Amino acid sequence: MSDTIRVRLYNVRFGDAILVTVPDADEDGNDLDRHVLIDVGNVLTGDGGDDAVYRDILADILDTVGSHGIDLYVMTHEHMDHVQGLLHGATKLTPPVTLPIDRVWLTRSADPEYYEIFDDAKKALDRTLGVFDELERYLAASGDDDKTLRIMLDNNNPRRTADCVAFLRDELTTPDKVHYVHRGFDTGQAGVHPFRRASFEIWAPEEDTSVYYGRFKPMAFGDAPDNADAAADGPGQPVPPAGVDATAFFDLVTARANGAHANALAIDKAKNNSSVVFTLTWNDRVLLFSGDAEIRSWRTMNKLHNDPETPFQMKPVDFIKVSHHGSHNGTPDDDILEIILPRDNPRPGPRVAGVSTCKDTYNNVPDSQTSERLLGRVDELATTESDEPFQDIVIE
């Protein structure tokens with residue numbers, strides 16, 4: 001039993017795995033440490049993907065929580081770099097590793113009945129799945145070897161994420177201890193969590209996630225041209241079929257490539273903006289965990305913050321888990337930062353930002369300007385970019 005909160009950011013390469021240890025008490029008032037585990041995953045391909053890290057990470061989590069186990073597991077959103085690790089440990093490691101978990105929070109859209117209730121979200125999801133399948137066909141037919149596009153599609157693969165979410169929903173604990181959270185969800189109701197000296201507040205996402213889906217660009221990719229010259233030229237170097245105007249052909253190729261990236265980003269953003277964003281408050285210290293929330297989610301939070309009809313208020317925090325691995329589109333605008341990390345700090349003690357990231361997986365992630373913006377408002381910026389297995393952040 002300690003008298004400080006510890007946030008352990010695991011080095012999972014490009015992904016998130018965060019263990020928060022909180023001084024608390026049992027039902028008889030006896031002191032004990034409780035644990036919150038947030039996500040566990042990394043990307044499937046590229047420099048940021050490495051399944052080998054899970055064995056040591058899961059072993060360290062087990063060693064840390066001991067026989068007490070994990071009191072609360074939170075899945076922020078349905079991306080492979082956040083959700084695949086626990087399924088991997090239970091099904092791919094020898095011997096299997098299954099973490100002892102009491103209660104589970106999943107984002108609202110992980111409820112198997114969700115899309116029967118929210119029709120607009122169902123329509124948005126159906127459009128997204130259609131675009132995803134078209135992008136897969138485009139990559140297969142064109143021979144495009146774009147690493148970033150491949151990583152984004154692998155990370156958003158709806159079939160693989162569905163398997164991971166089903167495991168988190170159905171295997172970690174009993175159905176009565178699984179809760180689907182969103183802004184406005186009452187975290188103080190009985191049975192939602194066992195903490196007695198800490199409280200939680202959900203800032204995002206909205207229950208109806210259709211607000212986070214943008215528009216897709218028209219693609220109509222069809223099949224890549226089937227001719228010997230294109231094949232001989234190699235992947236990513238198509239040539240016009242006989243009788244086709246070269247200028248028009250290359251304009252089409254460029255438009256397809258641009259549309260592919262724009263639509264892959266739109267799919268990625270929708271899931272990121274559906275992230276569970278929540279605060280944990282202990283001993284008047286406020287910790288903010290933001291998943292991969294991007295600008296649209298932050299602006300939705302800010303709009304509600306400024307709406308007198310909405311019983312929701314953001315507030316200054318002592319710790320922030322930087323959203324979306326330190327990318328420029330995961331950190332909110334300055335007017336929102338001034339609410340949660342005001343330059344004139346009204347809080348006692350130092351402020352810390354933590355970034356789970358890995359260099360050279362995506363271009364400009366982590367983003368240097370984003371880091372500079374944060375360093376203007378916090379006392380420490382801790383990252384997982386080193387070779388250390390984890391970074392510990394202590395909140396007194």
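Quick notes on this one:
- Residue, farthest from Arg285 (Cα to Cα), within region 340-396, restricted to residues that are of a type in the set (Val, Ile, Thr) and assigned to a loop (DSSP other than H, G, I, E, B): Thr361
- Residues that are assigned to a strand (DSSP E or B) and either in contact with a helix residue (DSSP H, G or I) (Cβ under 9 Å, 6 or more places away or on another chain) or free of Cβ contacts under 8 Å to residues at least 24 places away in the same chain (or both), drawn from region 64-78: Ile70, Asp71, Tyr73
- Hits in region 103-124 - residues which are in contact (Cβ under 8 Å) with a residue 12 or more places away in the chain and out of contact with any Leu (no Cβ under 7 Å at 6 or more places or on another chain): Thr107, Arg108, Ser109, Ala110, Asp111, Pro112, Tyr114, Phe118, Asp120, Ala121, Lys123, Ala124
- Filtered residue count, region 344-364, keeping only those that are at pLDDT below 95 and either within 15 Å of Ala293 (Cβ to Cβ) or surrounded by fewer than 19 Cβ atoms within 10 Å (Cβ to Cβ) (or both): 11
- Those residues of region 19-52 which are β-branched (Val, Ile, Thr), outside any loop (DSSP other than H, G, I, E, B) and buried (at least 23 other Cβ atoms within 10 Å of the Cβ), in sequence order: Val20, Val22, Val36, Ile38, Val40
- Residue that is charged (D, E, K, R), within 24 Å of Val181 (Cα to Cα), assigned to a helix (DSSP H, G or I) and at pLDDT 95 or above, where the choices are Asp81, Asp56: Asp81
- Residue list for region 107-123, restricted to those being crowded, with 20+ Cβ neighbours inside 10 Å and either touching a Lys or Arg at 6+ places or on another chain (Cβ under 6 Å) or part of a helix (DSSP H, G or I) (or both): Arg108, Ser109, Ala110, Ala121
- One residue stands out among those in region 138-167 that are aliphatic (A, V, I, L, M) and within 20 Å of Asp268 (Cβ to Cβ): the one that is surrounded by the most Cβ atoms within 10 Å (Cβ to Cβ), which is Ile151.
Every residue, every condition in (1) polar (S, T, N, Q); (2) touching a Phe, Trp or Tyr at 6+ places or on another chain (Cβ under 7 Å); (3) within 24 Å of Ser386 (Cβ to Cβ), yes or no:
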{"position": "Val7", "(1), (2), (3)": "no, yes, yes"}
{"position": "Asp16", "(1), (2), (3)": "no, no, yes"}
{"position": "Leu32", "(1), (2), (3)": "no, no, no"}
{"position": "Tyr54", "(1), (2), (3)": "no, no, yes"}
{"position": "Leu58", "(1), (2), (3)": "no, no, yes"}
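The values are calculated or read from the model by the stated rules, or taken from the named source; none is laboratory data. Computed from a prediction, not measured in an experiment: that's the story for all the values here. Ideal geometry is used to build each Cβ from the backbone, glycine not excepted, and the neighbour counts take in all protein chains shown.
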